[in-house]
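> Here it is: the structure, laid out below.
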Amino acid sequence: MSDTATSSEHHLVVDSLTEGLARLVLYGNDHIYFDCPVALLPAGLREGDHLRLTLTRDDVARLQEQAEVKNLLRELTQGSDPDQKDFYL
């Protein structure tokens, strides 16, 4: 996806694999890194492998979740104004 407003792509390198976690480092900037469960990554991953990570904003899921929360709030406020902030359990 090339729309920079809704997605971004990053080049990562597998720095280390330890206890089910992979340390992923942003290629060209080793000050930016994070640990990720190996189970979420491609099988057979090894230290030194390069990965592409694309992050995409999911507007549809956000709207669905907002609707679910609004419905739950309506239930908790017993049908009163869904914008009401106080409710009873």
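Readers should treat all values here as calculations from the given coordinates under stated rules, not as data from a laboratory. A quick note: this is a predicted structure, and the numbers were derived from the prediction, not measured. So basically every Cβ, Gly included, is an ideal-geometry build from the backbone, and we count neighbours across all protein chains shown.
> Using a simple spin-label model with points 7 Å from Cα along the Cα→Cβ vector, what separation in nm is obtained for L76 and R62?
Result for the modelled spin labels: 2.2 nm.
> Enumerate by residue number the GluC sites (Glu not before Pro) in the range 1-79 meeting two conditions: DSSP loop (anything except H, G, I, E, B), and at most 12 other Cβ atoms within 10 Å of the site's Cβ.
Loop-located and lightly packed - E19, E47.
> For the range 7-76, just list the percent of Cα-Cα distances falling in each 5 Å bin from zero outward, please.
Pair shares across the bins are 3, 15, 20, 15, 10, 9, 10, 9, 6, 3, 0.
> With contacts defined as alpha carbon pairs under 8 Å and 6 or more residues apart, what's the relative contact order of the range 7-76 in percent? Present the calculation step by step, with values, prior to reporting the outcome.
On the way: 88 pairs, mean separation 24.0, N = 70.
Computed value for the range 7-76: 34 percent relative contact order.
> Next question, about the same structure. Quick one: length gained pulling V69 to T6 fully straight, 0.36 nm per residue minus the C-alpha distance?
On the way: separation 63, 0.36 × 63 = 22.68 nm, distance 2.34 nm.
That works out to 20.3 nm of additional length.
> Here is a follow-up. Within the range 42-78, which residues have the backbone N less than 17 Å from the label spot 7 Å out from D15 along Cα→beta-carbon, could you tell me?
So the set is 46-53.
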